[in-house]
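The values are calculated or read from the model by the stated rules, or taken from the named source; none is laboratory data. Just so it is clear, the model here is predicted, and its values are computed rather than measured. FYI the Cβ positions are ideal-geometry reconstructions off the backbone, even for glycines, and counts take in every protein chain you see. To get the accessible areas, we keep the full protein, side chains included, count just its heavy atoms, and leave off ligands, DNA and RNA. Shrake-Rupley method; radii C 1.70, N 1.55, O 1.52, S 1.80 Å.
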Amino acid sequence: MTARLSRRFAELKAANRAALVVYVAATDPDEATATALMQALPEAGADVIELGMPFTDPMADGPSIQKAALRALAAGASMKKTIAQLYAFRAVDTDTPIILMGYYNPIDSYGVSRFAADAAEAGADGVIVVDVPPEEADELTPALKRHGLDFICLATPTSDDARLPKILAHAGGFLYYVAVLGITGTRSAAAAQVEQAVARIRKHTDLPVAVGFGIKTPGQAAEMARIADAAVVGSAVIDKLAATLTPENQATPETIPAVAAFVGELAAGVHGARA
Amino acid sequence: MNTRLPNSFAAGPDDRGHFGPYGGRFVAETLMPLILEVEKAFAAASADPAFKAEMDGYLADFVGRPSPLYFAERLTEICGGAKIYFKREDLNHTGAHKVNNCIGQILLAKRMGKTRIIAETGAGQHGVATATVCALFGIPCVIYMGAVDIARQQPNVFRMKLLGAEVRPVTSGAATLKDAMNEAMRDWVANVEDTYYLIGTVAGPHPYPVMVREFQKIIGEEAKAQLQAKEGRLPDSLYAAVGGGSNAIGLFYPFLDDPSVKIYGVEAAGRGTDTEEHAASLTMGRPGVLHGSRTYLLQNDDGQITEAYSISAGLDYPGVGPEHSWLKDAGRIDYVSITDAEALDAFHQMTRHEGIIPALESSHAIAQVLKVAGSLPKDHIILACLSGRGDKDVETVAKAMGKEL
């Protein structure tokens with residue numbers, strides 16, 4: 001695990017608190033707003049940030065994150081701009097772990113080695129690539145390892161006891177448990193089922209377990225925070241952002257405060273969950 | 001390019017689904033166990049003579065196979081060169097080659113105990129074929145189709161509905177085949193327990209490219225035997241339209257290791273490969289990863305997928321089956337492209353001179369044949385795939401002619 005990630009999870013564990021992981025998409029709705037929003041997230045209560053790398057064909061994402069990607073691309077999003085946003089963030093925050101999340105083609109197109117080098121240099125801690133399962137991971141993991149980046153792996157309700165070791169063989173940082181069968185931002189999982197799944201996963205690994213997909217409210221986030229080491233919220237945050245935009249997808253003075261306020265509510269839920 | 005020639009061009013893929021650097025299984029973890037299950041079930045079915053017997057029965061009595069091999073005497077005369085033969089996949093039940101694959105996969109889905117079918121469609125041919133086999137076996141099905149394609153392929157949309165399918169319009173992206181495939185994958189991720197995704201072409205994650213090829217190679221196997229019976233020899237050249245590439249691989253595959261046979265895949269050049277409006281991923285694209293496999297793609301410098309365009313909805317896809325990518329790099333197949341205008345001209349020639357209204361997809365292959373046949377010797381034998389009939393396209397053609405139906 002990178003120093004930043006292990007330090008963050010150790011601090012939280014010592015405080016008996018789960019982490020709030022917040023997803024935002026790079027360059028959504030524009031470069032300046034996305035940069036300022038990202039910088040506002042730690043103070044609002046995000047413990048870890050997932051920075052989405054926009055892609056035209058996000059196959060595992062629901063409408064909210066699809067639209068975020070398209071808004072970002074319309075605003076000129078690119079891998080270079082994502083990395084630039086990361087540099088801008090690190091200029092003001094050297095503590096909050098950043099996970100880059102996206103799909104493989106833009107990474108492949110940029111060049112896997114160049115991507116790993118530039119992302120690490122800019123201050124990323126880990127990478128989630130939704131469409132690279134363990135079967136194809138050898139394309140990516142040597143370069144990530146060389147540059148000290150964690151390959152964050154996904155486990156799902158379909159990952160049984162035979163499958164989990166295959167996933168964990170590549171996993172670093174934390175394990176991201178996808179709580180529902182489905183795409184982001186749609187259904188929500190029942191806490192009892194997630195609790196069982198997380199217990200099963202813990203038999204296979206000592207990595208922290210984050211739960212995501214379908215967590216929309218501070219209450220749901222709190223529920224997951226009692227079960228897992230981290231709760232990930234993406235689509236609900238994006239929805240708050242989208243609701244503040246003009247019909248032409250321009251940011252308004254409300255954009256950053258509205259998202260920050262919502263992240264604050266989520267953080268209160270997560271951080272108070274085990275009290 | 002490969003540094004050494006393989007012993008066989010027909011040996012792939014390896015057990016991880018790779019054709020050289022292409023193919024693979026680039027899917028979300030949720031789908032992985034299911035894809036492994038499909039792979040296992042397909043391997044078991046392939047080894048089971050009862051499965052083949054059942055499939056052959058439906059192909060004979062329901063689809064109407066073998067499809068004829070037709071000598072196009074008048075086009076041959078008009079071109080004044082090579083002898084032109086067409087493999088008549090347009091005469092299959094449902095009007096295209098797509099049904100060959102659908103019979104195979106629906107029988108597999110049944111073996112796997114799946115109770116719901118999903119599929120994507122562009123021109124609607126695969127959607128109609130899927131809806132047809134689902135009606136045949138009484139399995140509910142949902143067809144994802146881009147809203148733009150729905151507008152230009154109304155007859156097929158209505159056909160699918162008559163057959164009992166639910167047609168779900170897809171409005172994301174450019175609202176065409178690529179986006180329909182994204183939506184189908186999203187559906188599958190959410191319904192892995194009971195749903196089988198019946199992919200219509202040799203694309204997608206392993207094992208789909210090899211499985212669809214195995215269900216389509218009957219095109220080339222039959223044609224090879226039929227031409228042997230008529231001419232006593234192999235053809236000299238093969239032509240087929242390439243969108244995802246399933247009719248093409250179906251015709252080509254049994255000839256890959258016959259070095260005397262030249263093979264040409266014909267992509268859609270749309271308004272021209274010098275414009276941005278085409279679907280020529282092999283001739284104009286570069287390798288990348290989309291919809292589960294590494295293959296040639298239309299993409300920008302930043303790895304974002306660009307929109308494909310063709311007058312033919314079935315060729316309007318920014319990727320292509322990974323085996324085609326490998327065969328291109330290996331130098332075994334030449335890929336060329338045909339514009340909308342050339343395809344339309346071929347559509348009219350075929351209709352007027354042979355009394356066969358071809359699909360606009362197939363018209364691309366025909367156009368390439370018409371382009372080259374005249375300059376080839378009279379003892380040269382061309383074998384082209386007439387992959388589908390054009391009834392579904394008459395509105396599009398009328399519009400291109402400036403007429404309203």
Going by what's in this entry, would A:Val233 be described as open to solvent by less than 20 Å² (accessible area, probe 1.4 Å) and either in contact with a Ser or Thr (Cβ under 9 Å, 6 or more places away or on another chain) or within 30 Å of A:Leu70 (Cα to Cα) (or both)?
yes
Within region B:196-219, the count of residues that are part of a loop (DSSP other than H, G, I, E, B) and more than 10 Å from every other protein chain (Cβ to nearest Cβ) comes to 9
Members of region B:372-394 found to be open to solvent by 10 Å² or more (accessible area, probe 1.4 Å) and under 22 Å from the mean Cα position of the chain (by Cα), listed by number:
B:Arg389, B:Asp391, B:Val394
In the set B:Arg168, B:Arg159, which member is open to solvent by 40 Å² or more (accessible area, probe 1.4 Å), in contact with a Phe, Trp or Tyr (Cβ under 6 Å, 6 or more places away or on another chain) and either under 17 Å from B:Gly314 (Cβ atoms) or assigned to a strand (DSSP E or B) (or both)?
B:Arg168
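One line per residue, one yes/no per condition, for (1) in contact (Cβ under 8 Å) with a residue 24 or more places away in the chain; (2) surrounded by fewer than 21 Cβ atoms within 10 Å (Cβ to Cβ); (3) under 19 Å from B:Ala28 (Cβ atoms):
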position	(1), (2), (3)
A:Met53	yes, no, yes
A:Arg71	yes, no, no
A:Gln85	yes, no, no
A:Ala91	no, yes, no
A:Gly102	yes, no, yes
Within region A:39-67, the count of residues that are within 14 Å of chain B (Cβ to nearest Cβ) and over 17 Å from A:Thr184 (Cβ atoms) comes to 0
Which of the residues that make up region A:68-118 are in a helix (DSSP H, G or I), of a type in the set (Gly, Ala, Ser) and within 13 Å of chain B (Cβ to nearest Cβ)?
A:Ala68, A:Ala69, A:Ala72, A:Ala74, A:Ser109
Check region B:321-329 and report whether any residue there is away from chain A (no Cβ under 14 Å), out of contact with any helix residue (DSSP H, G or I) (no Cβ under 9 Å at 6 or more places or on another chain) and not polar (S, T, N, Q).
yes
Before we move on, is A:Val211 without any contact (Cβ under 8 Å) to a residue 40 or more places away in the chain and not in a helix (DSSP H, G or I)?
yes
For the condition within 14 Å of the chain's Cα centre (by Cα) and open to solvent by 10 Å² or more (accessible area, probe 1.4 Å), what is the one hit in B:Tyr296, B:Tyr253?
B:Tyr253
For region B:134-147, does any single residue satisfy the condition of being modelled with pLDDT under 95, surrounded by 21 or more Cβ atoms within 10 Å (Cβ to Cβ), under 19 Å from B:Ser172 (Cβ atoms) and not polar (S, T, N, Q)?
yes
Just for region A:152-168: of the residues that are open to solvent by less than 10 Å² (accessible area, probe 1.4 Å) and in a helix (DSSP H, G or I), which one is farthest from A:Glu135 (Cα to Cα)?
A:Leu164
Odd one out for B:Asp316 among (1) modelled with pLDDT of 95 or more; (2) surrounded by 16 or more Cβ atoms within 10 Å (Cβ to Cβ):
(1)
Among (1) surrounded by fewer than 24 Cβ atoms within 10 Å (Cβ to Cβ); (2) more than 8 Å from chain A (Cβ to nearest Cβ); (3) not aromatic (Phe, Trp, Tyr), which single condition is B:Asp302 missing?
(2)
Number of positions in region B:91-119 that are open to solvent by 10 Å² or more (accessible area, probe 1.4 Å) and farther than 22 Å from B:Ser67 by Cβ:
7
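One line per residue, one yes/no per condition, for (1) surrounded by fewer than 24 Cβ atoms within 10 Å (Cβ to Cβ); (2) more than 16 Å from the chain's Cα centre (by Cα); (3) without any contact (Cβ under 8 Å) to a residue 40 or more places away in the chain:
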residue	(1), (2), (3)
B:Glu323	no, no, no
B:Lys328	yes, yes, no
B:Gly331	yes, yes, no
B:Ile338	no, yes, no
B:Asp345	yes, yes, yes
B:Met350	no, yes, no
B:Glu354	yes, yes, no
B:Pro358	no, no, no
B:His364	no, no, no
B:Ala308 passes all but one of the listed conditions (1) of a type outside the set (Ser, Thr, Tyr); (2) on the phi < 0 side of the Ramachandran plot; (3) more than 14 Å from every other protein chain (Cβ to nearest Cβ); the exception is number (3)
Do you know which residues across region B:35-85 are within 14 Å of chain A (Cβ to nearest Cβ) and buried (at least 22 other Cβ atoms within 10 Å of the Cβ)?
B:Ile35, B:Val38
(1) among the aliphatic types (A, V, I, L, M); (2) in contact with an Asp or Glu (Cβ under 9 Å, 6 or more places away or on another chain); (3) surrounded by 24 or more Cβ atoms within 10 Å (Cβ to Cβ): which one isn't true of A:Ala46, the others all being true?
(2)
Looking only at region B:57-92, count every residue that is touching an Asp or Glu at 6+ places or on another chain (Cβ under 8 Å) and of a type in the set (Phe, Trp, Tyr) and tell me the total.
0
Out of all the residues in region B:12-21, is one or more within 14 Å of chain A (Cβ to nearest Cβ), surrounded by 14 or more Cβ atoms within 10 Å (Cβ to Cβ), outside any loop (DSSP other than H, G, I, E, B) and not acidic (Asp, Glu)?
yes
So which pairs qualify, if the first residue must be in region A:11-39 and part of a helix (DSSP H, G or I) and at pLDDT 95 or above, the second must be open to solvent by less than 40 Å² (accessible area, probe 1.4 Å) and of a type in the set (Val, Ile, Thr), the Cβ gap must be under 8 Å, and the two must be at least 6 apart or on different chains?
A:Thr33/A:Thr255; A:Ala34/A:Val24; A:Ala34/A:Thr27; A:Leu37/A:Val24; A:Leu37/A:Thr255; A:Leu37/A:Val259; A:Met38/A:Val24; A:Met38/A:Ile49
For region A:128-147, state whether one or more residues are part of a loop (DSSP other than H, G, I, E, B), touching a residue at least 24 places away in the same chain (Cβ under 8 Å) and more than 12 Å from chain B (Cβ to nearest Cβ).
yes
Of the residues A:Ala275, A:Ala189, A:Ala199, A:Ala171, only one is assigned to a loop (DSSP other than H, G, I, E, B), of a type in the set (Gly, Ala, Ser), open to solvent by 50 Å² or more (accessible area, probe 1.4 Å) and without any contact (Cβ under 8 Å) to a residue 40 or more places away in the chain; which?
A:Ala275
Counting residues that are over 30 Å from B:Gly292 (Cα atoms), which strands (runs of 3 or more DSSP E) fully inside region B:36-123 reach at least 1?
B:69-71, B:83-88
Filter result (closer than 24 Å to B:Pro287 by Cβ and either within 14 Å of another protein chain (Cβ to nearest Cβ) or of a type in the set (D, E, K, R) (or both)) within region B:330-348:
B:Arg332, B:Asp334
Criterion violated by B:Glu193 - all others in (1) within 14 Å of chain A (Cβ to nearest Cβ); (2) at pLDDT 95 or above; (3) more than 17 Å from the chain's Cα centre (by Cα); (4) open to solvent by 10 Å² or more (accessible area, probe 1.4 Å) satisfied
(2)
